[in-house]
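First the structure, in the form of structure tokens, and then the observations on it.
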Amino acid sequence: MAGPPAPPVTQQVGRERGCGRRPEQEQLREAARCPVLDADGRSVPFQALYAEQKAIVLFVRNFLCYTCKEYVEDLAKVPKAFLQESNVRLIVIGQSSYHHIKPFCSLTGYTHEMYVDPQREIYKILGMKRGEGNKASVRSPHVKSNTLLGSIRSIWRAMTGPAFDFQGDPAQQGGALILGPGNDVHFLHLDKNRLDHVPINTILQLAGVKTVNFSNKPQIIDI
């Protein structure tokens with residue numbers, strides 16, 4: 001079930017969990033020119049993803065990462081109708097070869113937009129971290145597996161794939177932005193570590209999109 005839509009955010013929002021600084025315009029212009037690849041290997045300028053429409057852009061660590069898989073599985077539950085009502089795009093960007101997009105979408109049930117930045121150019125320009133920061137203070141509500149079990153599953157998927165491939169730099173962290181239309185940056189969060197995802201309903205609210213009930217419990221609606 002959906003919650004009430006929140007008004008769109010028109011300025012950067014700070015959060016204790018590690019909100020990044022607003023990118024300088026020169027950084028954003030540099031990132032805007034970088035190409036991303038779609039599932040068929042077609043190159044698209046990063047700026048094209050948000051030039052005409054507000055976009056939630058989520059950079060993930062790598063497609064084998066169990067925390068990213070479980071996060072994207074919950075992103076898959078966001079109804080397209082909610083995004084269309086608010087005129088917002090939902091985009092995931094990874095850092096693998098584009099050949100991994102379709103299998104990852106099939107694995108997670110994700111049907112929204114997905115691209116890759118194989119050289120991690122945008123990750124680097126926007127200052128996304130490498131390495132694990134402090135994990136004590138953060139916990140993603142979308143990650144269900146513990147570290148041991150999740151890591152075993154990630155390694156097993158790597159070993160049983162067509163090629164032994166970690167599908168990106170295992171040390172790279174991701175981040176979340178709300179961009180557009182044009183060069184407006186409404187929100188930026190740089191993940192400190194693999195568990196430091198922005199809760200999906202938080203970023204939906206910040207973009208003015210209805211929220212989603214991710215629990216397995218039915219909601220009781222007063223009538």
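The values are calculated or read from the model by the stated rules, or taken from the named source; none is laboratory data. Nothing here was measured: the structure is a model prediction, and the numbers come from that model. Only protein heavy atoms, including side chains, enter the accessible area calculation; ligands, DNA and RNA are left aside. Shrake-Rupley method; radii C 1.70, N 1.55, O 1.52, S 1.80 Å.
For the residues H112, H99, a 1.4 Å probe over the protein chains yields an accessible-area ranking, largest first, of H99, H112. In this structure, the amide hydrogen of G208, modeled 1.01 Å from its nitrogen in the peptide plane, lies closer than 5 angstrom to those of A6, V9, counting only residues at least 5 positions away or on a different chain.
Ignoring aspartates and glutamates fewer than eight residues from K124 along the same chain, the ones with Cα atoms less than 12 angstrom from its Cα are E30.
Among S43, S86, S215, the sequence by solvent-accessible area, most first, with a 1.4 Å probe is S43, S215, S86. Straight-line cross-link reach from K129 at under 28 Å between alpha-carbon atoms covers these lysines, not counting any fewer than eight positions away in the same chain: K54, K69, K77, K102, K144, K192.
Radius of gyration over Kirkwood radius for the range 47-110, both on Cα atoms: the Rg/Rh ratio is 0.97.
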